[in-house]
Amino acid sequence: METQETEARVLSASREIAAGAGTIFELIADPAQQPRWDGNDNLAEAGADQRVHGVGDVFTMTLTGTSGVRANRVVEFEEGRLIAWMPGDPGQEPAGHLWRWELEPVEESRTLVTHVYDWTGLPPQTPEGRLRRARTTTTDMLRASLDRLATLAEGS
């Protein structure tokens, strides 16, 4: 497993998973599955029937702790290969941070998965609580998501 901090506000972690890209992608693109592999322990639940199909899709998640709801706007999408979303408050523009998943098939049943958290877009006027959560997100959390995702994908 590789870990890379490309700059203070962009974190990434990569791992090869012994499963096909399609299997892994389904676990990521279906928000109802995300709490099962979330290494931040931040996601409580998402409603069914929100599977992402393209840029512009929006899915909602209920958070742990605050029970707040986040609307996640999909900003990058290539079926089976790439998905990225920007969270924000429902009815508002995204806050400025981005979660990205890149899948690169190594062979039919092995995939290199890279998970990126980028908060370079959070503006200076971002509420302190959101900035604090961004600053405390670590590559260990990204790795934990990759490890949990691997357990699910390799077991299916």
Residue-averaged [θ]222 nm for the chain, counting only DSSP H segments that reach four residues, each worth -39500 (n - 2.57): -7500 deg cm²/dmol
Whole-percent pair-distance distribution, where bins are 10 Å wide, for the alpha carbons of the chain: 11, 43, 37, 8, 0
Part-to-part distance (alpha-carbon centres) for the stretch 7-26 and the stretch 46-68, which is given in Å: 19 Å
On Cα atoms only, tilt of 139-155 relative to the major axis of the chain in degrees: 40 degrees
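By how many nm would the segment from T136 to T60 lengthen if fully extended, with 0.36 nm per residue of separation less the alpha-carbon distance?
Working: separation 76, 0.36 × 76 = 27.36 nm, distance 2.26 nm.
Stretched out fully, the T136 to T60 stretch lengthens by 25.1 nm.
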Linear extension gain, V75 paired with S156, 0.36 nm per residue minus alpha-carbon span: 26.3 nm
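Given all pairs of different Cα atoms, what value in angstroms does the Kirkwood hydrodynamic radius of the stretch 79-127 take? Can you show the working numbers first?
Numbers: mean 1/r = 0.0799 Å⁻¹.
Computed over Cα pairs of the stretch 79-127, the Kirkwood hydrodynamic radius comes out at 12.5 Å.
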Fraction of accessible area attributable to carbon and sulfur, the stretch 65-113 (%, probe 1.4 Å): 45 percent
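The values are calculated or read from the model by the stated rules, or taken from the named source; none is laboratory data. Worth saying up front: this structure is predicted, and the values here are computed from it rather than measured. For the accessible areas, the whole protein counts, side chains as well, though only heavy atoms, and no ligand, DNA or RNA atoms are used. Shrake-Rupley method; radii C 1.70, N 1.55, O 1.52, S 1.80 Å.
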